[in-house]
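Asker: Supplied in structure tokens, the structure appears directly below.
The values are calculated or read from the model by the stated rules, or taken from the named source; none is laboratory data. Being a predicted model, the structure only gives us computed values, none of them experimental. All Cβ positions, glycine included, derive from the backbone under ideal geometry; neighbour counts span all protein chains shown. Please note that ligands, DNA and RNA were not included when accessible areas were found on the heavy atoms of the full protein model with its side chains. Shrake-Rupley method; radii C 1.70, N 1.55, O 1.52, S 1.80 Å.
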Amino acid sequence: QVQLVESGGGLVQAGGSLRLSCAASGRTISFDDMAWYRQAPGKQRELVAGINSGGSTNYADSVKGRFAISRDTAKNTMYLQMNSLKPEDTAVYYCYARKVVNVEGAAIRSWGQGTQVTVSS
């Protein structure tokens, strides 16, 4: 069993910065893909940024140029540097990780418990 634990959320003023961390513990797995999702009240969960084992990244249009995703494979930890935060970035941010286990595409998927990010105007 793999547990993902997020940290780094909090309250920040618009224009400020936060750095989220996602640490994997328990069974040691080298994940293929990791990502950050967020869910605001009354809205669906959405992808914020993703990173694969090769280091390739992708971002939601709404955060491009402001957020940066990275991972430390040796520490099995992922980060999200969030700059120039806006009130519309307010949400619970979730860490996600996936490991493909066979050629048919079956995978181990894990979610963190979420960390609240609140941006005041």
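Asker: Is it true that some residue in region 78-87 is modelled with pLDDT under 95 and open to solvent by 20 Å² or more (accessible area, probe 1.4 Å)?
Answerer: Checking region 78-87: not a single residue is modelled with pLDDT under 95 and open to solvent by 20 Å² or more (accessible area, probe 1.4 Å).
Asker: Here's another thing I want to ask about it. Can you name every residue in region 61-80 that is touching a Lys or Arg at 6+ places or on another chain (Cβ under 9 Å) and within 21 Å of residue 98 (Cα to Cα)?
Answerer: 77, 78, 79, 80
Asker: For region 40-69, which positions are more than 17 Å from residue 94 (Cβ to Cβ) and of a type outside the set (Val, Ile, Thr)?
Answerer: 52, 53, 54, 55, 56, 61, 64, 65, 66, 68
Asker: Out of the strands (runs of 3 or more DSSP E) lying entirely within region 1-70, which hold 2 or more residues that are in contact with a Ser or Thr (Cβ under 7 Å, 6 or more places away or on another chain) and open to solvent by less than 60 Å² (accessible area, probe 1.4 Å)?
Answerer: 2-7, 18-26, 46-52
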